Amino acid sequence: MMMLKKKINIRQFLSVGLIYILIAFILTGCELDPEPAQESITDFVSAKAGTVQLYHATADKVVPDEERYQLKQPDNLPAAVEEVIEAMTYDDSISIEKYLVDENNGVTLFMHFADGVTAEARLLNEAAIVKSIEELDINGVGIVLLDDAGNEIERATYTDSSFYYYEQGE
């Protein structure tokens, strides 16, 4: 008699436990074969290989360059900055004359814009450059605008969030 009662209790325990597990599985919405999240090839490579997504300016916004990315050099920030600058696609009316990396990992770019470049085109190209370089984990990008003689016209420091409007494409 005692043995029969224990068997029933164990069976009841197992059936109730199985029901609770099934209910929890159904309520959490778990799938047996979940569909993998769709990622762009560029995002996948960036996440896996330690790469920098490069950006470029269009007529009205800053967009990722889907065809190009640059591998990061983890221990050599000046070389990584140089490689990003060389790999980027930007307007022919823009030239980066030189750059400096300071001890606090801040980058200063010395840039020249050809005559006739609109303020909008200038800002869009600056935004693309800053957004690309910011992926190197630096402490801001200083941009020094130079005239034809190489004299400083303007100086400003930017972060990726400085150009929020230009990413919206309005």
Residues being among the polar types (S, T, N, Q) and either open to solvent by 100 Å² or more (accessible area, probe 1.4 Å) or at pLDDT 80 or above (or both) - total across the range 65-79:
1
Filter pass, residue 99 being among the hydroxyl-bearing types (Ser, Thr, Tyr) and either touching an Asp or Glu at 6+ places or on another chain (Cβ under 8 Å) or surrounded by fewer than 16 Cβ atoms within 10 Å (Cβ to Cβ) (or both)
yes
I'd like to know if the range 95-108 contains one or more residues that are aromatic (Phe, Trp, Tyr) and touching a residue at least 24 places away in the same chain (Cβ under 8 Å).
no
For the range 40-59, how many residues meet the condition of being under 13 Å from the mean Cα position of the chain (by Cα), at pLDDT 75 or above and polar (S, T, N, Q)?
2
With respect to the numbered conditions (1) within 19 Å of the chain's Cα centre (by Cα); (2) more than 17 Å from residue 87 (Cβ to Cβ), which one is the sole condition not fulfilled by residue 100?
(1)
Selection count, the range 103-124, where residues are in contact with a strand residue (DSSP E or B) (Cβ under 7 Å, 6 or more places away or on another chain) and surrounded by fewer than 16 Cβ atoms within 10 Å (Cβ to Cβ):
1
Subset of the range 109-151 (residues that are under 18 Å from residue 58 (Cα atoms), small (Gly, Ala, Ser) and free of Cβ contacts under 8 Å to residues at least 60 places away in the same chain):
114, 116, 119
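The values are calculated or read from the model by the stated rules, or taken from the named source; none is laboratory data. Values in this document were obtained by computation on a predicted structure and should not be read as measured data. Heads up, the Cβs are rebuilt from the backbone with ideal geometry, glycines too, and the neighbour counts pull from every protein chain shown. SASA here: full protein model, heavy atoms, side chains in, ligands and nucleic acids out. Shrake-Rupley method; radii C 1.70, N 1.55, O 1.52, S 1.80 Å.
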